[in-house]
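Below is one structure; the comments refer to it alone.
Readers should treat all values here as calculations from the given coordinates under stated rules, not as data from a laboratory. Not measured: the values here are computed from a predicted model. Please note: Cβ atoms are built from the backbone with ideal geometry, for glycine as well, and neighbour counts cover all protein chains shown.
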Amino acid sequence: MESLTLAAWSFPVLLLLIFLRVPIGLSMLALGLLGSWLVYGSAAPLLNQMKTLAYGTFSNHSLSIVPLFLLMGQFASLGGMSQALFKAAEAFLGHRKGGLAMAAIGACAGFGAICGSSLATAATMGQVSLPELRKAGYDGGLASGALAAGGTLGILIPPSIVLVIYAILAEQNIADLFAAAFVPGIIAAIGYMLVINIVVRLNPTYGGRQLEPMPWPERLRAMQAVWPVMTIFVVVIGGIYSGIFTPTEGAAVGAVTTGLLAWWKGGLDRERLLKSLEATATGTGMVFVIVLGASAYNTFLALSQLPQELALWVGGLGLSPYAVLWAIIVFYLIFGCVMDSLSMILLTIPIFFPMVSGLDFGLSPEDMAIWFGIIVLIVVEVGLITPPVGMNLFVIQSMAPDISIRDTYRGVWPFVASDLIRVTLIVIFPSITLFVLKL
């Protein structure tokens, strides 16, 4: 069998393994090693490759950001910062129609600024916000849909683990990608709040009861309680942007700062510290197995020449650059229904990035790479809340068994529509992501 045919057939086999619930990291690792063996025609080159595969993958210094950001998220959860963020947002928004749901979105945005993980943001803010929303009489679908969508802000608002992986794959500057993601992240939070406002105006019973406006002295006291979050964000992101330290050093400083603040607030004792380290190790192991599997699978694809042949074939079709880009976006939207965001990034960027790099969008190569990275980030983020496999939906639904998964699906679709509008705006106006880099 020709190597190109072999590589093409590997995709449906990979999807079949995923549907059979084989872990995706192991699926890609097995297919990658088997495919390389068949392409080489003997086991000797494969065994030589296996000697250096793991070390070559994990010796990248930038990957150390992953466990550090995961640890920072664990410490932030223990430090009571999620509760303070929700109460501060509630103080300013709770008296409006749909105000508590808007407050949950605002709190998710704030927590995402110190976490970097969508699932952690959804789980942490779900524990804090969902009981309050249900107590206030919010529709179950709106409550769960809003929190699932708000959780996606964890990977969009910097720092973001997925952006770190993209930066490594595309060989781009991590700090520039963080800067480019900031404005789209703010637009996402505002868009979700507008969705809530529209939904509760069209269906007033969905919004539950409105709270009484809180006096300004109480609002200011609520804001004072979130100073740890603002401190961590300024230290980490400000330090990275100003060049005081690298993104890796920033992640380390952020983890230490968050841990100290959690300890100072009484949320971090010996037992919780060990649980945080264990959860971080588990999460890091899961990510790294996927990274290793993707590395083996992408090596097989490179040996088969599939990415290069695909780029030449697309170039020969005579399609406009934007037609190719929209085809890629549609691909991500479809496969985002059945694959998690990290796996999609690791699997597709080595194929799609060379293809897009050869197209003329009127941007410099560096700007094009950053713009494309933000588009991909937003589209895979949509997959986290798209039925049937949107992982954030199941995280939130597991916290509220009284809310049916059907209601959760119904509640999330308006937020998916908001994401699609945002993707369209960023495709049409690249400056939304790039103007921060020109400041």
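Annotations
- Prolate/oblate/rounded call for the stretch 319-384, Cα gyration tensor, a/c under 1.5 rounded: prolate
- Net charge of neighbours whose Cβ lies under 13 Å from the Cβ of Met391, counting Lys and Arg as +1 and Asp and Glu as -1: -2
- Loop-resident sites, the stretch 183-252, for trypsin sites (Lys or Arg not before Pro), counting at most 13 other Cβ within 10 Å (DSSP): Arg209
- Helix 161-170 axis, angle to the chain major axis (alpha carbon atoms, nearest 10°): 30
- With respect to the chain, whose longest principal axis is taken over its alpha-carbon atoms, helix 81-93 is tilted by about 60°.
- Mean separation of Cα contacts under 8 Å (6+ apart) over length of the chain, as relative contact order %: 26
- Simple rule: put +1 on each Lys or Arg Cβ and -1 on each Asp or Glu Cβ in the chain, find the dipole, and look at Ile65, Gly145, Ala44; the Cα lying farthest toward the positive end is Gly145.
- Nearest 10 degrees, 0 to 90: helix 270-304 Cα axis against the chain principal axis: 30
- When the charge dipole of the stretch 61-438 is built from unit charges on Cβ atoms (+1 for Lys and Arg, -1 for Asp and Glu) and taken about the Cα centre, the candidate among Ile105, Val395, Gly259 whose Cα reaches farthest toward its positive end is Ile105.
- Separation of the Gln305 and Phe11 label points, Cα + 7 Å toward Cβ, nm: 1.9
- Net charge of the neighbourhood of Val379, taken over other residues with C-beta under 14 Å away and scored Lys/Arg +1, Asp/Glu -1, is -2.
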